[in-house]
Amino acid sequence: EAKKSGRGTINLFRPALQAAVANRLQLEEGLRNALGNGELQLRFQPQLGRSVGVIGAEVLLRWRHPELGYVSPVDFIPVAEETGGIHAIGTWVLTESCRHLSEWARQAVPFTGHLSINVSAWQFSRPDFVSQVFAALADYQVPPQRLMLELTESALLYDLQETIEKLRALRNHGVGIALDDFGTGYSSLAYLRDLPLDQLKIDKSFIAELSGEMEHPLVESIIDIGRNMGLVVVAEGVETGYHCQRLIELGCESFQGYLFARPLTEEDFRDWLEEEHSVVSFEQMLPMRRQ
Ligand code: C2E
Ligand code: MG
Ligand code: MG
Ligand code: MG
């Protein structure tokens with residue numbers, strides 16, 4: 001239908017295109033002031049280990065635009081990366097996360113796990129990235145073990161040699177490294193053995209496809225690879241007891257997803273922690289009890 005239509009059809013697309021460009025400009029313009037206007041917020045989504053309870057939480061950014069309402073990071077992070085705004089935003093996420101960790105420790109909040117922050121390829125590629133992380137930890141007197149950095153394959157593979165040096169420096173200091181969205185990027189696995197990592201995060205697109213009746217050779221392979229490399233394998237996007245059950249059968253023991261908690265405001269996260277999500281209640285979320 002679209003193919004055989006002539007030049008006139010372009011008009012049909014123009015309004016959509018104009019809207020997209022206008023929206024893009026609006027995002028660019030808005031992002032410039034977002035930090036200064038206090039429009040950025042952090043959410044915290046718990047990560048749980050099957051037999052150990054809460055192991056940490058992922059820090060997820062939210063932008064409350066004065067006219068557009070909440071804009072998804074999926075939409076504004078790429079804009080921030082292209083305009084360079086990601087550096088200020090990334091620094092803010094890093095320092096705010098460290099600030100929360102030190103504040104929670106002072107206030108005896110029952111949280112001893114790590115905070116995982118997402119690091120954009122652009123941020124990671126900066127020559128001063130590692131020293132910036134060390135400085136933030138030192139400023140807030142946060143033990144490096146309390147911080148985990150989530151990086152994607154595209155961020156890590158840009159310059160493998162430099163990546164390895166940076167990761168070594170971070171890990172020697174005690175900072176954890178997670179490979180995010182695993183399974184969606186490069187097809188070659190050869191680089192994996194060279195990267196010093198702590199966690200492998202299975203992308204949520206794989207989890208959404210899990211069902212009890214089917215074989216899941218891909219997810220099973222991902223879990224095996226991670227475990228054979230001595231990594232903690234974390235499934236993201238775990239929404240149902242069924243997902244969780246199937247993941248346990250496939251050998252995955254750490255989870256993050258709506259089944260346990262959505263990304264929570266600081267206040268809700270602290271309430272959630274106070275409610276004490278014990279190992280017992282964790283097992284009760286599964287559809288079947290196992291021996
Ligand atoms: P990600 O790092 O892979 O984060 C996981 C995403 O899955 C989050 O989306 C989270 O809210 C969502 N999620 C968690 N559990 C479930 C579930 O059970 N079901 C479903 N359907 N989704 C679930 P969110 O918060 O929209 O963030 C999207 C992406 O934006 C993140 O993907 C990350 O790549 C990026 N992002 C978020 N915060 C930051 C940040 O501070 N810095 C950078 N550079 N990127 C960020
Ligand atoms: Mg992540
Ligand atoms: Mg992810
Ligand atoms: Mg993802």
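The values are calculated or read from the model by the stated rules, or taken from the named source; none is laboratory data. Since we're looking at a predicted model, the values are computed, not measured. With ideal geometry, Cβ positions are generated from the backbone for all residues, glycine too; neighbour counts draw on all protein chains shown. Calculation scope for accessible area: heavy atoms of the full protein, side chains included, ligands and nucleic acids excluded. Shrake-Rupley method; radii C 1.70, N 1.55, O 1.52, S 1.80 Å.
Brief remarks follow.
- Which listed residue is among the charged types (D, E, K, R) and at pLDDT 95 or above, from E249, E283, E266: E266
- The lone criterion from (1) more than 23 Å from R168 (Cα to Cα); (2) assigned to a helix (DSSP H, G or I); (3) open to solvent by less than 70 Å² (accessible area, probe 1.4 Å) left unmet by L218 is number (3).
- Within segment 172-191, not a single residue is touching a strand residue (DSSP E or B) at 6+ places or on another chain (Cβ under 9 Å), in a helix (DSSP H, G or I), within 16 Å of ligand 4 (Cβ to nearest atom) and free of Cβ contacts under 8 Å to residues at least 40 places away in the same chain.
- Residues located in segment 122-153, provided they are within 16 Å of ligand 2 (Cβ to nearest atom) and open to solvent by less than 40 Å² (accessible area, probe 1.4 Å): Q123, F124, L147, M148, L149, E150, L151, E153
- Any hit, segment 213-225, residues being modelled with pLDDT of 95 or more and within 29 Å of A135 (Cβ to Cβ): no
- Selection within segment 189-205 - open to solvent by 30 Å² or more (accessible area, probe 1.4 Å) and within 13 Å of ligand 1 (Cβ to nearest atom): K204, S205
- Here S116, S120, S131 are screened, and the one residue that is among the hydroxyl-bearing types (S, T, Y) and without any contact (Cβ under 8 Å) to a residue 40 or more places away in the chain is S131.
- Tally of residues being hydrophobic (A, V, I, L, M, F, W, C) and within 16 Å of ligand 3 (Cβ to nearest atom) across segment 171-209: 10
- Test: V234 is in contact with a Ser or Thr (Cβ under 6 Å, 6 or more places away or on another chain), modelled with pLDDT of 95 or more and either open to solvent by less than 10 Å² (accessible area, probe 1.4 Å) or among the hydroxyl-bearing types (S, T, Y) (or both): yes
- Cβ-Cβ contacts under 7 Å between residues 6 or more apart (or on different chains), taken from a first residue in segment 194-208 that is closer than 18 Å to E220 by Cβ and touching a residue at least 40 places away in the same chain (Cβ under 8 Å) to a second residue that is within 12 Å of ligand 1 (Cβ to nearest atom) and open to solvent by 30 Å² or more (accessible area, probe 1.4 Å), are listed as K201/D181; I202/G183.
- Looking across segment 129-171 at every residue that is within 16 Å of ligand 4 (Cβ to nearest atom) and among the acidic types (D, E), the one that is modelled with the highest pLDDT is identified as E150.
- From the options Y242, Y186, residue that is open to solvent by 30 Å² or more (accessible area, probe 1.4 Å), within 16 Å of ligand 1 (Cβ to nearest atom) and at pLDDT below 95: Y242
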